[in-house]
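**Student:** Starting off with a structure, shown below.
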Amino acid sequence: MSGTAGRTNYSEWNSKTNALLSQLEAEEEAERTEAQSALGNDGKYAASHAEATERTKQEDVSKVKKVLDNHKARELGVVQVLHSLLDAKDSDNDNDCDTMEEGKNTSENVHTRFITCQDVSAGKRVLNISDTKGPGKIILTQDLTNLQSQMGKDNTTTSSSNNNDIKGKGGLSPKSYPGDVENSAPDHVTGGGIINGLIKVSISNVHDCTLSLNCKVITGLLEISHCSNVTVILNKDSTIVTVQADLCQNLTLEFHDAPSGKGISPIPGRNPLKYWGEDKDDRIFHAGVENLVVKSLRDGYVDHETKADFRENGAKAVGNASAEEVQFVTSVVEGELITERVLRQGTATGTSITGALGGGDESGGGARAMTAREMKEVQNRKEQIRKSVDERLGGIKILDKDGKEVPKVVKSDEKIASDDNNNGVDDAIEELYAGMSAADIDTIINDCDAQKSKGNEAFSAGEYGQAVLLYTLTLDRAAELPDLADNNNAPVTGKQLYPRHMVLSNRSAAFLKLGHHDKALADGTEAARLEPAYVKGVFRKGLALHAMGKYSEAITPLAAALKIEPKNKQIKQALQFAEVRMQQE
């Protein structure tokens, strides 16, 4: 190629050469990609077992992260955070007012903030009051009790009368099962299931003010942390049973005709059937709290009063645990408010303890939190009964499966001859079950029934997360019963004192609604283990496997459920669908 005056144009030659080289490289890359794809080395498939394992791990991590993110988003989705409630800039709010305290100058007005349903966004049921500084007063009004969830109507059944007509014709209404939550689920009934109130109330980083609770709290739990110079007033319309206070200074708790957890009047505004402190489960747990004052008032007069301070009560740092971590409990004992130290799990007593409502904790333990005094009382009672029974049964010993001696069972209809030298021991002998009296068992069963009923109401209202919470509280309370051992996966041969399999089956249904298929599978599996003939537990195990895409594994429990109820169309359809999907795979 010639340039000026017959000279070669090297610049033009250079550009053409680069263009040809780029075209050649692109063609070679395309050929290489095509060859790699033909050999399966294009990255779509793992080139080695190690790479496949690493990819699987990364996918699992991504899935877990997604589940955790969704769970966190759901948790935050039900929490209503209210902060800076007593700031001067909020004084124009319709729910605010300035009140003059009696005997004070008009210039010393107290800022009062009323919290109503208008302050709570739709779907928010956990109230968190935080980052607020007084002086002033915050009132949770009775209006918050009106927060409710209305159960949706059935898409196919428009009214209860129509549903009865269908049942009368014998065909389309699903079968109901004793104790099963889906008997009253939205797709079975026309609506009307309502559950009222807040789920829980927590107070954090609040200072120099008074809070008054006048509303229903479903779990009966109030959490207080990092507060100072705060007075909390619990009135007769509140339903707080358990208080957990941590790292606070100058905290006052006042129970003004407040109900006990087992004495709430079914009629709003009426006096409670039992006042706070009259039941052993009405308790205040606290750790790291300086100058705690607890008062119980009746008709405006102080009935009980006590003070507590974690240092004065003997809290000391042990190892890596600070003094602020030592847990205390304040409750009414023999007509007096007293503060005692809570025994921790792993002590010489071997007792699992918790501080949460209903006996449950985050680790899943089900035993009731107990103090040294309570542990001693339980031990003395067992020894007294054991001694009396041994005297009457000639020293016969009964051993459990671990070879440990257990108390004998004395039936209530068996009459034992009186003994003038027994010093009243006969009064302590009653029907026993592994060391627990019939009265204690009845109390636990009644508590379980109450929590389970609340869980069924929440499920019917579409509050599946809340239903899971209430079913968990039921299972935690039932774990205190001495009828089952929680080790091994062996079939249960003994009788359950409370039908755990029904509660597990119901919680499995709630987990399925929430998309937690692995947890639904665990509950369904345990329900089937406890009661293999309970079709709903077996069926939900199959549904969980089905939802996880494990169709071949789902066939076994679905077939077992169909064997229990051969005419159940719902089970038949699920089994047929699983078989089709398995063949497609």
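**Student:** Could you list, in sequence order, all residues of the stretch 432-451 that are in contact with an Asp or Glu (Cβ under 9 Å, 6 or more places away or on another chain), of a type outside the set (Ser, Thr, Tyr) and either under 24 Å from Gln384 (Cβ atoms) or at pLDDT below 85 (or both)?
**Tutor:** Ala434, Met436, Ala438, Ala439, Asp440, Ile441, Ile444
**Student:** Scan the stretch 436-449 and report the pairs whose first residue is in contact (Cβ under 8 Å) with a residue 60 or more places away in the chain and whose second residue is in a helix (DSSP H, G or I), with Cβ atoms within less than 6 Å and a gap of 6+ or a chain change.
**Tutor:** That search, which allows pairs on different chains as well, returns Asp447/Arg477.
**Student:** Could you list, in sequence order, all residues of the stretch 90-148 that are in a loop (DSSP other than H, G, I, E, B), modelled with pLDDT of 90 or more and on the phi < 0 side of the Ramachandran plot?
**Tutor:** Result: Thr116, Pro135, Thr141.
**Student:** Among the listed residues Ala315, Ala367, identify the single one that is at pLDDT 80 or above, among the aliphatic types (A, V, I, L, M) and either open to solvent by less than 60 Å² (accessible area, probe 1.4 Å) or in a helix (DSSP H, G or I) (or both). Outline the logic, then answer.
**Tutor:** Working: Ala367 fails: at pLDDT 80 or above.
From the options Ala315, Ala367, the qualifying one is Ala315.
**Student:** For the stretch 441-456, which residues satisfy the criterion of being over 21 Å from the mean Cα position of the chain (by Cα) and open to solvent by 50 Å² or more (accessible area, probe 1.4 Å)?
**Tutor:** Asp442
**Student:** Then there is this: State the number of residues belonging to the stretch 208-246 that are assigned to a loop (DSSP other than H, G, I, E, B), among the aliphatic types (A, V, I, L, M), within 23 Å of Gly300 (Cα to Cα) and open to solvent by 10 Å² or more (accessible area, probe 1.4 Å).
**Tutor:** Applying the first criterion (assigned to a loop (DSSP other than H, G, I, E, B)) to the stretch 208-246 yields 214-216, 218-220, 226-227, 235-241.
Adding the requirement that they be among the aliphatic types (A, V, I, L, M) leaves 218, 240-241.
Still in the running and within 23 Å of Gly300 (Cα to Cα): 240-241.
From what's left, open to solvent by 10 Å² or more (accessible area, probe 1.4 Å): 241.
Looking only at that region, the number is 1.
**Student:** Considering only residues that are out of contact with any strand residue (DSSP E or B) (no Cβ under 7 Å at 6 or more places or on another chain), open to solvent by less than 80 Å² (accessible area, probe 1.4 Å) and among the small types (Gly, Ala, Ser), look in the stretch 48-89 and name the one that is modelled with the highest pLDDT. Show your work before the answer.
**Tutor:** Step one: of the stretch 48-89, the residues out of contact with any strand residue (DSSP E or B) (no Cβ under 7 Å at 6 or more places or on another chain) are 48-77, 87-89.
Those left that are additionally open to solvent by less than 80 Å² (accessible area, probe 1.4 Å): 48, 50-53, 55-56, 60, 62, 69-71, 73, 77, 87.
Restricting the remaining residues to those that are among the small types (Gly, Ala, Ser) gives 48, 50, 52, 62, 73, 77.
Working: Ser48: 69, Ala50: 79, Ala52: 77, Ser62: 82, Ala73: 74, Gly77: 74.
So, considering only residues that are out of contact with any strand residue (DSSP E or B) (no Cβ under 7 Å at 6 or more places or on another chain), open to solvent by less than 80 Å² (accessible area, probe 1.4 Å) and among the small types (Gly, Ala, Ser), the one modelled with the highest pLDDT is Ser62.
**Student:** On the basis of being under 24 Å from Asp440 (Cβ atoms) and touching a Lys or Arg at 6+ places or on another chain (Cβ under 9 Å), does Asp303 make the cut? Lay out the reasoning, then the answer.
**Tutor:** Details: under 24 Å from Asp440 (Cβ atoms): no; touching a Lys or Arg at 6+ places or on another chain (Cβ under 9 Å): yes.
So Asp303 does not fit the description; no.
**Student:** OK, next. In this structure, does Gln584 turn out to be open to solvent by 50 Å² or more (accessible area, probe 1.4 Å) and free of Cβ contacts under 8 Å to residues at least 12 places away in the same chain?
**Tutor:** Yes.
**Student:** Is there a residue in the stretch 334-349 that is surrounded by 15 or more Cβ atoms within 10 Å (Cβ to Cβ), at pLDDT below 80 and polar (S, T, N, Q)?
**Tutor:** Among the residues of the stretch 334-349, at least one is surrounded by 15 or more Cβ atoms within 10 Å (Cβ to Cβ), at pLDDT below 80 and polar (S, T, N, Q), which makes the answer yes.
**Student:** Could you check how many residues of the stretch 505-522 are more than 13 Å from His546 (Cα to Cα) and open to solvent by less than 10 Å² (accessible area, probe 1.4 Å)? Break it down stepwise before answering.
**Tutor:** Here is the first cut: in the stretch 505-522, the ones more than 13 Å from His546 (Cα to Cα) are 505-511, 513-514, 519, 522.
Adding the requirement that they be open to solvent by less than 10 Å² (accessible area, probe 1.4 Å) leaves 505-506, 508-510.
Going through the stretch 505-522 one residue at a time, the tally reaches 5.
The values are calculated or read from the model by the stated rules, or taken from the named source; none is laboratory data. For clarity, every value in this text was computed on a predicted model and none was experimentally measured. Please note: Cβ atoms are built from the backbone with ideal geometry, for glycine as well, and neighbour counts cover all protein chains shown. Keep in mind that these areas ignore ligands, DNA and RNA; they rest on the heavy atoms of the full protein, side chains included. Shrake-Rupley method; radii C 1.70, N 1.55, O 1.52, S 1.80 Å.
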